[in-house]
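One structure below.
Nothing in this text is a laboratory measurement; each read-out follows from the coordinates by a stated rule. If you're wondering where the values come from, they're calculated on a predicted model, not measured in any experiment. Every residue, glycine as well, gets a Cβ built from its backbone with ideal geometry; the counts of neighbours run over all protein chains shown.
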Amino acid sequence: MNKNEFIDELLSELSYRSDEGYPILTKSTHITLISEILDEWDMSGIKNILIENLIEADKNPDDDKYSGIGGNPSRYVKKSDYAKWQQNPDEFTGDKFDKSDNGKYSQVEDDGTKKEPEVEKKPTTFDASTPDGLSYIKSLGPNDAAYQAAVKAGHIKDTDTDDDTEAGDDDRVLPKVMNSNELGKVISETGDSDVKNKMMDVGYGGFEKETGGKPAPGGPGSAFNEIVSGELALILEKFPDMTEDELADYSHKRFGNTALGREQKETKTLAKNPDLEKRRNAAAGTGSHTKPQFPAQHKQVEKERGTYSKSRVAAASAIQKHKATQQRIKNLQSNKLFGTETKTHPFYGASVSIDSQVDMVTNANGNVYLPDGTGVDKDDLIRFIKAGGGGMNPSDTATFVTDENGNLLVQFHSDKTKTSDIQDNSTLAFEEVNYNSYIEKSSLSDEDKVKCKEINKDYSARMSAIEAKYNDQSVPIANKLLQLDKNKISKILDEDEGTMVQNMNDAIYGETARKSGDLSKINKKWDKYLPKGANPEDLTPLQKSEMINKFVADGGKLNANMVKSINKVALQYQKENPDTLGLDVKKLLSEQRTEVVKTQREKIRKMNNFTVDVDGVSVGAGTLMEAEENIRGFHLTMMDYPPKAYVKGDPSSITGTSLDVNMGGVVVNGEVLRGCLDVKDTTEFKQKFKLIEEEELTYDSEDRNEEGNRTGNVTGKKVFTYVVDTEGGRKELGYKSYRSKEGASGKTNNTMTYSTEMQKCFKSKS
């Protein structure tokens with residue numbers, strides 16, 4: 001793995017584990033997660049250097065400009081004057097400074113009277129009277145105060161006009177950034193436009209609080225890509241010759257200053273914007289990018305780099321969506337199935353979006369077509385749409401096209417930001433249900449189906465029982481916490497920048513009450529644990545922690561928020577007090593985690609005692625179950641279309657001809673899958689599918705015993721590597737990992753990810 005791949009993988013893992021769903025490299029809880037991840041990856045050797053750099057990057061750069069000279073309150077001089085002050089402190093006539101709580105240095109007289117603060121001279125690069133400065137301020141957009149000031153000063157003309165075009169350097173017509181009333185807004189006229197605009201206005205993190213509804217699954221990056229790629233595809237209808245660079249720049253200027261735009265984090269491997277890099281270097285000045293000369297400007301550019309990188313992802317996705325849509329429209333028109341006046345309607349993946357899709361299908365006055373020109377039954381299509389996000393319909397966005405005759409073209413997309421994204425994330429319980437459906441539709445005899453289902457039920461129950469013990473590990477820990485130093489626990493809670501207190505509030509008051517800010521009432525089960533004379537709204541974090549610990553110690557029923565609050569406090573306490581025993585939840589879970597992986601594999605081996613005929617080839621039933629999981633999780637049914645086609649009465653058959661998997665502009669369809677896997681369809685895939693058990697465990701330490709075996713706690717494990725044996729050699733499709741979303745102490749899910757080999761092949765064919 002090269003440096004860029006390592007950084008990309010680390011940020012992806014951090015995003016997966018974090019509560020926010022995206023990395024915040026200045027946040028202490030995220031730095032802690034990075035530490036845990038690097039330990040688990042056996043990269044403790046680089047951990048300290050990396051974390052020191054992150055911490056160093058967040059330090060006040062002004063600290064390097066001043067030296068302390070003592071006093072009460074403390075006084076400072078410029079580092080360049082420090083030697084003069086040392087020579088004769090009493091006669092020193094240079095400038096003296098004090099330092100505020102927020103790290104700001106202010107010049108003071110000897111008696112402590114403050115002078116006016118030094119005004120930092122801005123570099124000409126950010127001066128509106130200079131070409132570079134004007135370019136910078138224009139890039140901030142009309143909503144920025146600096147932009148408006150430049151308008152008032154006459155440096156920028158207020159072009160609040162309906163004309164949305166401008167001439168490019170090569171005389172091509174390009175879209176203008178929209179006026180101040182439209183900037184940051186979607187222009188698509190769909191039933192979910194309000195939802196998309198609200199997401200832009202409040203961001204992914206503020207969406208639920210603002211609306212009371214949940215956003216589409218994913219995070220800020222996926223939301224931005226899903227919404228913006230659809231909007232940019234509309235721009236391409238008017239300006240089809242725009243390059244990816246131009247489209248990304250347009251997206252950055254149009255959406256960069258929205259709340260959702262400001263949530264974006266940079267994808268390091270993507271191409272940079274030359275203007276942004278020029279401004280970034282100018283902001284660094286005589287310093288470095290970790291200690292810039294002009295920190296405010298540098299911080300602004302860093303944020304814009306994040307938005308720009310995700311704009312590139314959306315631009316690449318939009319180009320592919322536009323290309324496919326236009327080709328499909330032409331095909332329908334050439335077959336006299338579609339009119340000449342068309343209108344495109346991009347949809348996001350929220351529940352309102354699904355309802356809007358259903359409404360458009362219901363109200364269509366003409367025929368409804370799949371991308372290959374096949375007419376589709378409305379009832380089948382509505383069932384398919386309502387299943388969006390899982391099951392037979394894995395899509396999270398859609399693009400519909402209407403014509404003047406009331407005809408409708410429907411297309412569905414599974415949007416990812418990059419090929420290395422997790423393709424599927426499922427629980428063990430979900431897999432049990434899936435396995436039963438695969439067994440039922442197989443060619444096993446009725447008797448063997450019953451036996452395989454019994455094996456599935458038995459081993460799934462074993463794994464569920466093991467996972468159920470995860471929560472039980474919190475009981476002795478809760479008892480232990482009640483015996484420990486209250487002052488130390490209180491300090492941990494008061495200094496926490498994560499979700500310890502939030503978890504406790506959700507446990508005691510309920511999530512709804514916590515979000516509303518009403519902490520005046522508690523459930524009756526907490527009454528006996530409420531400190532005497534205390535009101536619920538006045539409880540300290542320590543009191544809340546003790547209430548939960550006492551409740552659990554008394555045998556109260558555990559829930560996820562209680563478990564999280566107990567385990568998080570315990571882990572931090574042990575970290576700060578390593579000699580304390582009985583708090584290492586990682587150690588308590590290690591054996592169970594290893595046992596679950598072992599049990600998953602045993603289930604497959606047991607099922608492999610039964611064989612299934614797959615079009616003349618004998619395949620172990622267990623191996624076939626995992627092949628079917630691959631077909632579901634990686635959307636491999638696309639390989640079957642054509643020659644297979646939509647069948648009325650079977651909504652699942654819509655997937656093959658209507659789904660595009662778009663990973664940041666890398667499109668994976670049936671043709672690409674067939675080429676990369678070297679199989680013609682899912683039947684041949686099942687015949688040649690193999691499982692490899694690789695002992696790739698992740699641990700929380702590098703310690704080994706005398707025999708050289710690892711002695712740390714197991715935090716995760718690769719369950720299977722998936723390969724296909726063909727005449728051209730072995731093709732590695734991907735792998736399944738059993739891993740925790742909540743770090744080493746959390747419950748685990750199975751995830752499926754494409755192999756590096758497969759990712760390279762997809763990119764080569766895109």
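Mind scanning LYS457/LYS564; LYS65/LYS209; LYS321/LYS453; LYS480/LYS525; LYS185/LYS521; LYS386/LYS515 and naming the pairs with a C-alpha gap bigger than 31 Å? Violating the 31 Å Cα-Cα cut-off are LYS65/LYS209; LYS321/LYS453; LYS185/LYS521. To the nearest 0.05, what FRET efficiency results for ASP613 and THR580 with a Förster distance of 56 Å applied to their C-beta separation? Computed FRET efficiency for ASP613 and THR580 comes out at 0.40. Close amide H pairs (under 5 Å, H built 1.01 Å from N) link VAL719 with LYS736, SER737, TYR738, residues at least 5 positions away or on another chain. With the largest listed first and rounded to whole Å, the semi-axes of the equivalent ellipsoid of region 212-322 from the Cα gyration tensor are 27, 17, 10.
Report note on the peptides 556-563, 251-258, 495-502: ranked by the mean count of other C-beta atoms within 10 Å, highest first, their order is 251-258, 556-563, 495-502. A cut-off of 5 Å between modelled amide H atoms, ignoring neighbours fewer than 5 places along the same chain, links GLY339 with GLU404, ASN405. Treating r as the C-beta distance of GLU732 and SER334 and R0 as 45 Å, the FRET efficiency rounds to 0.65. Only Lys, Arg, Asp and Glu carry charge here, each on its Cβ (+1 for the first two, -1 for the last two); on that basis region 485-579 has a dipole of about 400 debye about its Cα centre. Restricting the chymotrypsin sites (Phe, Trp or Tyr not before Pro) of region 175-241 to loop positions (DSSP other than H, G, I, E, B) with no more than 11 neighbouring Cβ atoms within 10 Å leaves nothing. The H on the amide N of VAL108, modeled in the peptide plane, is under 5 Å from the matching H of LYS96, PHE97, ASP98, LYS115, each at least 5 residues off or on a different chain. Within region 272-300, find all residues whose amide N lies under 14 Å from a label point positioned 7 Å from the Cα of ARG262 along Cα-to-beta-carbon. The answer is 299-300. Computed over region 469-562, the quotient of the alpha carbon radius of gyration and 2.2 N^0.38 Å is 1.03. The length gained on full extension between SER288 and SER106, counted as 0.36 nm times the residue separation minus their Cα-Cα distance, comes to 63.2 nm.
So, in Å, what gap is there between the alpha-carbon centers of region 206-266 and region 641-690? Going from one Cα centre to the other spans 28 Å. Rounded to whole numbers, the Karplus 3J(HN,Hα) couplings from phi for region 466-483 are 5, 5, 4, 6, 4, 5, 4, 5, 6, 5, x, 5, 4, 4, 5, 4, 5, 9 Hz, using 6.51 cos²θ - 1.76 cosθ + 1.60 with θ = phi - 60°, and x at Gly and Pro.
Taking 7 Å steps out from each Cα toward its Cβ at SER74 and ASP527 produces label points 5.2 nm apart.
Taking each residue as 0.36 nm, the span from ASN281 to GLU9 lengthens on full extension beyond its C-alpha to C-alpha distance by 95.3 nm.
Measuring between their Cα centroids, region 355-421 and region 486-525 lie 43 Å from each other.
Potential lengthening of the chain between LYS469 and LYS65 amounts to 140.0 nm, from the contour at 0.36 nm per residue minus the alpha-carbon distance. Please name whichever of PRO274, SER351, ILE382 sits farthest to the positive end of the charge dipole of region 254-404, dipole taken about the Cα centre and charges placed at Cβ: Lys and Arg +1, Asp and Glu -1. The residue sitting most towards the positive pole is PRO274. The modelled label-to-label distance between GLN327 and SER35, using points 7 Å beyond Cα along the C-beta direction, is 5.1 nm.
Distance between the modelled labels on VAL433 and LYS680, one decimal in nanometres: 3.6 nm (7 Å Cα→Cβ projection). Taking a straight Cα-Cα cut-off under 24 Å and skipping sequence neighbours fewer than 8 places away in the same chain, the lysines within cross-link reach of LYS731 are LYS416, LYS418, LYS680, LYS686, LYS688, LYS690, LYS717, LYS718, LYS760, LYS763, LYS765.
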